[in-house]
1. Going by alpha carbons, how many degrees (0 to 90, nearest 10) lie between the helix axis of 67-86 and the longest principal axis of the chain?
2. Do any of Lys189/Lys213; Lys63/Lys183; Lys156/Lys189; Lys102/Lys213; Lys162/Lys217 go past 25 Å between their Cα atoms, and which?
3. Which of rounded, prolate or oblate describes the stretch 13-62 when judged by the alpha-carbon gyration tensor and an a/c cut-off of 1.5?
4. Quote the charge dipole size of the chain about the Cα centre in Debye, to the nearest 20; the model charges only the Cβ of Lys and Arg (+1) and of Asp and Glu (-1).
5. Picking from Val143, Tyr160, Pro173, whose Cα lies most toward the positive end of the charge dipole for the chain (charges on Cβ: Lys, Arg +1; Asp, Glu -1)?
6. Can you tell which of Val171, Val23, Val119 shows the greatest fluctuation in a Gaussian network model of the chain with Cα springs below 10 Å?
7. Just rank Trp75, Trp169, fewest to most, by other beta-carbon atoms within 10 angstrom.
8. Once the piece of chain linking Val119 and Arg185 is laid out straight, how much longer is it, given 0.36 nm per residue of separation minus the C-alpha distance between them?
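We did not get these values from a lab; they are worked out from the coordinates using the rules stated. Since we're looking at a predicted model, the values are computed, not measured. FYI the Cβ positions are ideal-geometry reconstructions off the backbone, even for glycines, and counts take in every protein chain you see.
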Amino acid sequence: MAPVATARKYETFADALDRVGNVSTSRVLLNPPPGTATEADLLDSAATGGRVCELVDGILVEKVMGFREEYLAAWILILIGRFLEQNNCGAAVGSQGAIRFKVGLVRMPDVSFIRWDSVEDTDAIENPDGAFLEVAPDLVVEVLSPGNTAREMAIKLDEYAKAGVRLVWYVDPTRQDVTVYPKGRERGKKVIGTDGTLDGGDVLPGFTLPVAKIFEKRGPAKKGKKKDKS
């Protein structure tokens with residue numbers, strides 16, 4: 001039986017907005033009212049209206065991700081997946097992989113990686129009992145979207161640190177760089193641009209990824225127009 005979070009009372013809507021990082025009000029669902037939403041509501045399309053949401057202490061908040069951000073996240077997932085084909089050390093999932101970080105807190109990082117040796121039984125990863133993964137990922141990747149606020153991402157980072165995530169990458173498509181947070185903490189963070197290379201450390205030993213490869217143009221070159229011979 002899934003754990004049930006007790007309702008959290010927010011004195012004002014501003015308090016609820018503060019909890020989710022002062023995001024756009026259009027992202028916060030009002031039915032059920034903030035503070036009362038449950039994991040059952042998160043899984044109920046009637047409650048979410050078909051919107052992809054996360055559950056944050058009784059608040060259903062829409063996850064924003066444009067095509068560009070989803071494209072980059074999918075590409076990073078593919079690159080990690082290629083490495084895992086040759087180095088079977090864990091499992092990776094994309095932006096629809098819901099993870100229960102604690103009771104009442106369900107997040108969907110853009111990319112998550114979980115080592116096999118992080119669990120006693122790998123079925124906890126490959127075949128979980130419920131709709132959510134119950135294990136904190138070892139690596140979390142978030143591709144920043146225009147709809148994200150700095151406060152929202154700081155809150156997520158703190159949640160990841162408290163959950164025991166060992167490595168967090170924040171990918172910025174605008175600046176074309178990646179901020180690396182060891183153990184999800186500001187201390188020791190480093191920003192790597194397109195002239196640098198990411199590495200998996202002890203989370204993904206042997207994995208390296210030039211940041212330029214994340215943002216490279218992969219479409220075929222445009223064909224030039226044929227000259228008119230007349």
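1. Once rounded, one gets 80 degrees.
2. Working: Lys189/Lys213 21 Å; Lys63/Lys183 23 Å; Lys156/Lys189 15 Å; Lys102/Lys213 34 Å; Lys162/Lys217 36 Å.
In this structure, Lys102/Lys213; Lys162/Lys217 exceed 25 Å between Cα atoms.
3. Working: a/c = 2.02, a/b = 1.54, b/c = 1.31.
Cα axes put the stretch 13-62 in the prolate bin.
4. 1480
5. With unit charges placed on the Cβ atoms, the residue in question is Pro173.
6. Taking springs between Cα atoms under 10 Å, the residue moving most is Val119.
7. Ordered by Cβ neighbours within 10 Å, fewest first: Trp75, Trp169.
8. Gain on extension, Val119 to Arg185, equals 21.5 nm.
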